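Here the structure is laid out as structure tokens; the discussion comes afterwards.
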Amino acid sequence: MNWNQLKTILWLRWRLTRNQLFRGSAIGGVLLIILGFICVTAVLAICGGAAFAGFMALRTVKPEVLQAVWTVASLAFAFLWFLGLLVELQRSETIDLQRLMHLPVRLGQVFVINYIASHAVFSIFMLVPGMVGLALGLTFGRNWMFILLLPLVLSGVFMITAWTYCLRGWLATLMANPRRRRTVIMCLSLCLVLIGQAPNLYLNVFGRMNHSSGPMTQEAKAKETQKLWEKLSVAERFIPPLWLPLGAKALAEDNPFPALLGTLGCFAIGGLGLRRAYCTTVKFYHGDSSKGSGKPSPAPEGPKPARKPRHSRLTEIKLPSVPEPASAIAGATLRSMLRAPEVKMALGTSTLVTVILSATLLVRAAPKIPDAAKPLMLVGACSFTLFMLFQFLANQFGLDRDGFRVLVLSPIDRRHLLLGKNLAIAPIAASFGVTLITALTFWLHVPILAAVAGLLQLFSMVLIFVSVGNLISILLPFRIQAGSMKPTKPPFLKMLGLVACQFLVPVFLLPAALPPLAEYFWHSANGTLLLPVNLILSATLAVIAAISYGLSLQPLANLYSRRELAILKSVTAEEE
């Protein structure tokens, strides 16, 4: 190891970090130093609190309880580590190897520095000191053999970080293409959502399906939890990140060999992962994209005949009774949304939430809700779906970014432009609402007429909200960062207005709750049950909402024409 090179690289990294901290002003650097002091204090407090808990609370518990405690700690660390991995994937390395390729520097040293720097994450600072403190507390409070938990904890952390660093290097080869990069991040985010919902799905969906004959009692739920715990205990023997709970249980039974074998196994697996990560990284930065098979790459073939370009049918679709410019805008907007990974991630998350919520409702026993209150549940479900899509409905031009110039230069009527934008968003909102209405109809045994009224209310709510969304999109536009749904640092007052509008969503949608309330008061006044008040008023509201939406297009188009340049500046300028 060349210590002079290592010292120079560390000094360069320190200078770059110092310049970043104090680039804006000295106040920002001072605040970061204070924040660092608070973090150090919190780490010491967590370590001390865990040591006290291990010394006082866990000194006499059964081995199974210790196994459960360490299982929860291991799973929490793994989940938070992979959650932080999503953030780290969107950043570059601490030291970019490509910037040092022309220098006589050993890349192994830079690789080690980057690997060590990858440990500066929330899960390491918050959970690892707690696990170390818990191991020390058990050592002083229970048995001296629990000191073997310290190397087992460190080896487990080393194994997880080494293989995730290897995964990060492998994903770097996939994410060289920016669009593929965003798609990979989207897929990982959806996987984390599924992992986070796995216990809920198992206990509240699949577990209840096995007890479909009746409601699941507390005793049955306890049995299901016990079965799940037994399965997890058996699986821990074959899952290396969960060897730590097995070692803790064995130490409580005065058996140190599982802890020693687990430590050696974790270090060996971690070393293999780190070596694999180094080989992958060096191959990538040397431009060698081969898989290491040793086979020569096939000779390039001659030029292939040009294929006839296939036009996307979505952008050429002609909606019935809709002007052709509006159909073109709707198709182009929908195609753009489906091609954007950040939009697919947001829509995929909303879809997962809707499906999981519907599945959870359908396997639960229907609560005792009065018949008059059931239509209000449908209104609440529709409001929930529109609330989840607020970022799309209230900022219909932010996703266009530089492509918004095409709309500015287009000669189409601005009414058709707004109509096309709404037609691209409205079907997505309607599909989520129909899914929840269907689930609630079967779950609560809602009458058919009330369900039809709920669909009409959903239609009215979508029209009301797209009209309000047009107004918000015109008055409070902001640019969306490529690869995420985060705004690009808009002004504070604009963000405050957007937050206020989001909290006012129930107020905007309040008219949809009037028909079921009117039916409730009609029945309270001993009105005839043969008159479907909810259905009649819902149909009337749908007609009024459709007429109001058509009448609002022209005034909103005029406002859009006056603010078109301001919208262009907001959605195209990158504010740093």
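The values are calculated or read from the model by the stated rules, or taken from the named source; none is laboratory data. Note that the structure is predicted; figures quoted are calculated from it, not measured. As a convention, Cβ positions derive from the backbone with ideal geometry for all residues, glycine included, and neighbour counts pool all protein chains shown. With ligands, DNA and RNA removed, areas are computed over all heavy atoms of the protein, side chains included. Shrake-Rupley method; radii C 1.70, N 1.55, O 1.52, S 1.80 Å.
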Where a residue in segment 392-410 is assigned to a helix (DSSP H, G or I) and its partner, wherever it lies, is polar (S, T, N, Q) and open to solvent by 20 Å² or more (accessible area, probe 1.4 Å), with Cβ under 6 Å and at least six apart: Asp402/Thr572
statement: Checking Phe459, Phe432 in turn, the sole residue that is in a helix (DSSP H, G or I), more than 27 Å from the chain's Cα centre (by Cα) and hydrophobic (A, V, I, L, M, F, W, C) turns out to be Phe459
message: Let me confirm something: among Leu517, Leu498, Leu551, which residue is surrounded by 14 or more Cβ atoms within 10 Å (Cβ to Cβ), hydrophobic (A, V, I, L, M, F, W, C) and modelled with pLDDT of 80 or more?
response: Leu517
- request: Among the residues of segment 396-421, write down those that are buried (at least 16 other Cβ atoms within 10 Å of the Cβ), at pLDDT below 85 and within 30 Å of the chain's Cα centre (by Cα).
  value: Gln396, Phe397, Gly398, Leu399, Asp400, Arg401, Phe404
query: Of all the residues that make up segment 472-495, how many are modelled with pLDDT under 80 and part of a loop (DSSP other than H, G, I, E, B)?
result: 12
query: Taking Val543, is it of a type in the set (Val, Ile, Thr) and touching a Gly at 6+ places or on another chain (Cβ under 8 Å)?
result: no
- request: Quickly run through segment 508-550 and pick out the residues that are aromatic (Phe, Trp, Tyr) and either in contact (Cβ under 8 Å) with a residue 24 or more places away in the chain or in contact with a His (Cβ under 8 Å, 6 or more places away or on another chain) (or both).
  value: Phe508, Tyr520, Tyr549
message: Which of the numbered conditions does Leu553 fail, given that it passes all the others? Conditions: (1) in contact (Cβ under 8 Å) with a residue 12 or more places away in the chain; (2) more than 15 Å from Arg415 (Cα to Cα); (3) aliphatic (A, V, I, L, M).
response: (2)
field: Elements of type helices (runs of 4 or more DSSP H) contained in segment 1-100, each with 1 or more residues being among the acidic types (Asp, Glu) and modelled with pLDDT of 65 or more
entry: 63-89
- request: May I ask you to verify whether Val446 is in contact with a helix residue (DSSP H, G or I) (Cβ under 9 Å, 6 or more places away or on another chain) and part of a helix (DSSP H, G or I)?
  value: no
